[in-house]
């Protein structure tokens, strides 16, 4: 229950907040059992120390399942995309006409080490090295060694195939694993997450926005920021009139994964006026196809009113699948897929954020942002996703990936605010006065993530 007087609030970390206190034990929004990851501080060195980054490479990135991209981005035989992680580059290619005909290979020529592909996406019948024109087939087998007669046979008698990378699929995502014999299957790694997210049907959605940029911060500094909403009241205060940043449900899942269920179309309890129909709530009513001028009720009634309007409307349009629940018509269901992907999910689609380490600088990372929606002629995703007016949301055209510099526009106003502060946090972590991260229960997802990361760094996993 929410407090009648917010100034006199208290918090029971074992019980937590419930986005739906009446949810049954099998309901999608049920509160999951509390996981106690302790109260220890997180050493700041893990955010800048090169030796920590090296251990992460050896014990995490080369052993865990990673989202490489979308299967829909390679719809036909010969279509491929490139995925870079750390010092490695991987080609993901469709080798045939079936849904499972996808393979992954290290993006390296066995002659002199040249990258075989350099573009983000492409198509071809072969992979041909631009340096000396060695060539491989889509299945990775060797097709040609140019001027083979000039090589002495011991050098080429193995007819070197491209080195395969383990890959698998779920929810329209292609996952790769650099470990030749992964300790877990993808199914075991994801645990309960696919069942929880099945009603959204990610596999039917399309990319409508795709941006890649680089920020001057460790990848974990940025990821930490997107695993909590504790910072919203300070950095993103303009969304408080239509976003409850305090009463949120945090659930910790297996293998370091987690979720955060957040009410939209609800006024933050930090604001004094809890009753007036503010401009933010009017915007949300309009986005839902409702007329704010004719709305009868207070601010406290908006969230439920939108749900009761949108659910039958979406059902009539075939956009409300079995298994979804009413509060998903308004709320943000934010999931974390260990080790480096967050999903902010709505019935219309989701915001995909991925955090990849800079292979040369532990105080830099590559930030990938995609907006992935149900294909419709017109769409109005949540404003914080930063989808520009006029964007083709039909799925008929796949947008090109935009590469922007840190500080350039293109992320959307909320993410651009984060882009300015995250590097400042990175700077402060090197202060001799800073004695380590102190995570509140609003930041319990961060502690859960770091506990799982520790299992990899220590060799437990």
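The values are calculated or read from the model by the stated rules, or taken from the named source; none is laboratory data. Remember, it's a predicted structure, so these values are computed and weren't measured experimentally. Glycine also receives a Cβ, built like all others from the backbone with ideal geometry; neighbour counts cover every protein chain displayed.
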Being closer than 27 Å to residue 197 by Cα, surrounded by 15 or more Cβ atoms within 10 Å (Cβ to Cβ) and over 22 Å from the mean Cα position of the chain (by Cα): is that true of residue 94 here? yes
Identify, from the list 430, 438, 445, the residue that is in the same structural domain as residue 202 (by TED's automatic domain parsing) and closer than 20 Å to residue 350 by Cβ. 445
Exception for residue 228 within (1) under 30 Å from residue 26 (Cβ atoms); (2) in contact with a helix residue (DSSP H, G or I) (Cβ under 8 Å, 6 or more places away or on another chain); (3) not in a loop (DSSP other than H, G, I, E, B) falls at (3)
Restricting to segment 152-171, and then to whatever is in contact (Cβ under 8 Å) with a residue 12 or more places away in the chain and surrounded by fewer than 18 Cβ atoms within 10 Å (Cβ to Cβ), can you tell me which residue is farthest from residue 339 (Cα to Cα)? 159
Only one of (1) under 26 Å from residue 214 (Cβ atoms); (2) out of contact with any helix residue (DSSP H, G or I) (no Cβ under 7 Å at 6 or more places or on another chain) is not met by residue 101, so which one is it? (1)
Sort out which residues of segment 421-450 are over 17 Å from residue 362 (Cβ atoms) and either at pLDDT below 95 or in contact with a helix residue (DSSP H, G or I) (Cβ under 7 Å, 6 or more places away or on another chain) (or both), and write them in order of number. 421, 436, 439, 446, 448, 449
Failed condition for residue 65, given (1) in contact with a helix residue (DSSP H, G or I) (Cβ under 7 Å, 6 or more places away or on another chain); (2) under 30 Å from residue 435 (Cβ atoms): (2)
Of the numbered conditions (1) touching a helix residue (DSSP H, G or I) at 6+ places or on another chain (Cβ under 8 Å); (2) part of a helix (DSSP H, G or I); (3) not assigned by TED's automatic domain parsing to the domain that holds residue 403, residue 154 fails exactly one; give the number of that condition. (1)
Condition (residue is in contact (Cβ under 8 Å) with a residue 24 or more places away in the chain, over 17 Å from the mean Cα position of the chain (by Cα) and surrounded by 19 or more Cβ atoms within 10 Å (Cβ to Cβ)) applied to segment 391-401: is it met by at least one residue? yes
